[in-house]
Amino acid sequence: MSSGEKNGDEITVVHLMRHGEVHNPEGVLYGRRPGYHLSDLGRKMADRVAEHLAERDITHVVASPLERAQETASPIAEAHGLAIATDERLIEAANVFEGKTFGVGDGALKKPGNWKYLTNPFRPSWGEPYIEQVVRMMAALGAARDAARGHEAVAVSHQLPIWIVRSFAERRRLWHDPRKRQCTLASLTSFTFHGDKIISVGYSEPARDLVPSHLLAGAKPAKGKSKAFGA
């Protein structure tokens, strides 16, 4: 290690990865609920990203404790001969609508009893506060960075926490239109650190051709389908 690296000047990259497609025939907002695994297509997405990262200097792989994240991390860890670490801070955001169907004009939103949860989109009132997501995700990023100093790490998480911590890093407001999140299934949001400081954030979609068109970043939901059911 050079003297500059000893002084904290090393370059480290942490790839925050969203998991692949989940088998969810009921179309519920699964959130933090256990028992939701990758679909066959989701496994193909995970394999594709593993191939994409095969030649990268990955020395640490960590994932949310949820099955879909662990399964997405598996081929990446295997390709680099690594064990998967688990970090609870990478988990999906809590949401009061977990276990329910959730779409505009149908499902949970159609019931007046649920309207009280929709009063404050800035916090938000229906789930884990955005600022709390920032705190835990920044801590998880820091832990992954420290585990891979001078190299690269992959941390598999979920759409909303990834988008929120990216928004914070890029100094955007945290409240947003969910349809405009740039965080497609199996995408990589890559944070480059100089020492402990984030110096750039990149985004890529190695499995883009496998993602259904209505689930691509910025796409309009297909008729009768929500943009995503939590992830």
Seminar exercise, completed: Nearest-0.05 FRET efficiency for residue 54 and residue 175 at R0 = 30 Å, using Cβ-Cβ distance, is 0.20
Exercise. Protein chains only, probe 1.4 Å: how do 175, 163 rank by accessible area, largest first?
Worked result: 175, 163
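Using the beta-carbon distance between residue 26 and residue 86 and R0 = 25 Å, what value does 1/(1 + (r/R0)^6) give for FRET efficiency, to the nearest 0.05? Mind showing how you got there, number by number?
Working: r = 27 Å, r/R0 = 1.07.
Efficiency, from the Cβ-Cβ distance: 0.40.
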Exercise. How would 12, 101 rank on accessible area, largest to smallest, probe 1.4 Å?
Worked result: 101, 12
Exercise. GluC sites (Glu not before Pro) within region 131-173: which are DSSP loop residues with at most 15 other Cβ atoms inside 10 Å?
Worked result: 170
For this session: Return, ordered by residue number, the residues of region 132-164 whose backbone nitrogen is under 13 Å from a label point located 7 Å along Cα→Cβ of residue 203.
Result: 159-160, 162-164
Seminar exercise, completed: SASA check, residue 194, accessible area w/ 1.4 Å probe, all protein chains in place, rounded to nearest 10 Å², comes out at 80 Å²
Problem set entry | Rounded accessible area of residue 98 (nearest 10 Å², 1.4 Å probe) | 40 Å²
Exercise. So how exposed is residue 198, as accessible area in Å² (1.4 Å probe, rounded to 10)?
Worked result: 50 Å²
Exercise. Setting aside same-chain residues fewer than 8 positions from residue 100, which aspartates and glutamates have a Cα under 20 Å from its Cα?
Worked result: 21, 26, 67, 92, 128
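The values are calculated or read from the model by the stated rules, or taken from the named source; none is laboratory data. Note that this is a predicted model, so its numbers are computed, not measured. Because the Cβ atoms are built from the backbone with ideal geometry, glycine has one as well, and the counts that use them run over all protein chains shown. The area values use the complete protein model at the heavy-atom level, side chains included, leaving out ligands, DNA and RNA. Shrake-Rupley method; radii C 1.70, N 1.55, O 1.52, S 1.80 Å.
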